[in-house]
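Participant: Quick one: this structure, given as C-alpha cells, is what I'll be asking you about.
The values are calculated or read from the model by the stated rules, or taken from the named source; none is laboratory data. As the structure is a prediction and not an experimental result, all values here were calculated from the model. Every residue, glycine among them, receives a Cβ derived from its backbone with ideal geometry; neighbour counts consider all protein chains shown.
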C-alpha cells in the first residue's frame, strides 16, 4: 500500500479543558474531523497533496469556529482582512494573498496566484480583483461578518489595545458577565494543512483572519513563504500558527526544513528545536504541524493547547486539542 498522510491545525494558544464546555469541545472536534476527512479522501483516491490541502483548509475557512475565511476577526476599521499561502514541495512553486476582503476561500486565492500569475504574493484590492478575474467565488464583505467576532472586536476597541486573536496576553480588568462570552479566546487563530500524496509529493497551506483590531495593513506570517508556510520534497512540509511577528523574524517554517537539510536532524528534532527552544527563548508563542517525505509527523506547540489532527494511510488517526490529550 502506498504511503500518504494528512495533518491539520486550527490554531494554538491558551486552550484549556476547564474553560471549554463539552459542547464546544465536540464542535471543534467534529469540524476538525470533517476537514481531515475532506483531505484524506482525496489522498486515498489518488489525488494530489495540493488538492487535499485546499479541501481541508476550505472546510475550516467556511466555519466560524476558526479565525480564517468566514470566522475571520475584525481589523481596526471594522473590516475582515484575510491572508493565505500555499506551497508545492515538488516544484517549490508557491502562492499567497494578503489583506483580501472578498475572496470566499483565501486559500484558493493563494493557489490561483501560484498557478495563474508569475508572482508569489498579491495583496489587497489587486488580489481580490485578480481572484475575481480568474473566476473564484467572490462574496460581499458582509458574508464574513460573525456576531461573536464583532462583539470581541468591540470589547477590544473599548480597551484601546491591539490583541492577538486569539491572544495569550493579559485581558485583566472587570468584564460584565453578559460580555464575557464575547471576549477574545486566548488562542492564535490560524488554520493550516500539510499533506503527503501517493506520489511522494508534499504540500503545505495556511490561512488566517489575522489579528483583532490590527492597524496599518498589518500582515503576519501566514501568507509569507518560509515564515508561516513551507514545503520541499527533500525535507518536509510545514504550516505554522502563533505570534506572527516571531515566526517571521525566525523564518520558522523554512528553519525546520533547513535544520533537516543542513544539520541532518529528523523532522521531530528540527520542529522541537524551533518551537520548543528558539521561539520559547524569545517569548514567541505558538506551534506548527509538519510532515516529512516518509510520512513522519510532528505537531509541537509551546502553548497549553493546539487544535490538531492527523490521519495516515495505515489507519492511524487522532484529533486533539489540549496538551495532554
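Participant: Just wondering, is there one or more residues in segment 217-227 that are over 20 Å from residue 122 (Cα atoms) and part of a loop (DSSP other than H, G, I, E, B)?
Facilitator: Looking for residues that are over 20 Å from residue 122 (Cα atoms) and part of a loop (DSSP other than H, G, I, E, B), one finds none in segment 217-227, hence no.
Participant: In segment 270-279, is there at least one residue being under 18 Å from residue 84 (Cα atoms), without any contact (Cβ under 8 Å) to a residue 60 or more places away in the chain and in contact with a strand residue (DSSP E or B) (Cβ under 6 Å, 6 or more places away or on another chain)?
Facilitator: Looking for residues that are under 18 Å from residue 84 (Cα atoms), without any contact (Cβ under 8 Å) to a residue 60 or more places away in the chain and in contact with a strand residue (DSSP E or B) (Cβ under 6 Å, 6 or more places away or on another chain), one finds none in segment 270-279, hence no.
Participant: Got a number for residues in segment 76-101 being crowded, with 22+ Cβ neighbours inside 10 Å, assigned to a loop (DSSP other than H, G, I, E, B) and over 15 Å from the mean Cα position of the chain (by Cα)?
Facilitator: Number of matching residues: 2.
Participant: Given the criteria modelled with pLDDT under 90 and over 19 Å from residue 219 (Cα atoms), does residue 118 qualify?
Facilitator: Answer is no for this residue.
Participant: Further question on the same structure: With farther than 14 Å from residue 303 by Cα, at pLDDT 95 or above, assigned to a helix (DSSP H, G or I) and over 20 Å from the mean Cα position of the chain (by Cα) as the only criterion, which of 261, 281, 268 stands out? Steps first, please.
Facilitator: Details: 281 fails: farther than 14 Å from residue 303 by Cα; 268 fails: over 20 Å from the mean Cα position of the chain (by Cα).
Checking each option against the conditions leaves just 261.
Participant: Next question, about the same structure. Can you find, within segment 4-35, the residue that is modelled with the lowest pLDDT among those that are in a loop (DSSP other than H, G, I, E, B) and in contact with a strand residue (DSSP E or B) (Cβ under 7 Å, 6 or more places away or on another chain)?
Facilitator: We begin by selecting, within segment 4-35, every residue in a loop (DSSP other than H, G, I, E, B); these are 4, 14-16, 20-21.
Next, only the ones that are in contact with a strand residue (DSSP E or B) (Cβ under 7 Å, 6 or more places away or on another chain) stay: 4, 14-16.
Working: 4: 98, 14: 78, 15: 82, 16: 82.
Selected residue: 14.
Participant: Return yes when residue 111 is at pLDDT 95 or above and either assigned to a loop (DSSP other than H, G, I, E, B) or over 23 Å from residue 221 (Cα atoms) (or both) and no when it is not.
Facilitator: It is false that residue 111 is at pLDDT 95 or above and either assigned to a loop (DSSP other than H, G, I, E, B) or over 23 Å from residue 221 (Cα atoms) (or both).
Participant: Another question, if that's okay. Scan segment 36-65 residue by residue and report those that are touching a strand residue (DSSP E or B) at 6+ places or on another chain (Cβ under 8 Å), modelled with pLDDT of 95 or more and closer than 23 Å to residue 147 by Cβ.
Facilitator: Answer for segment 36-65, where residues must be touching a strand residue (DSSP E or B) at 6+ places or on another chain (Cβ under 8 Å), modelled with pLDDT of 95 or more and closer than 23 Å to residue 147 by Cβ: 60, 61.
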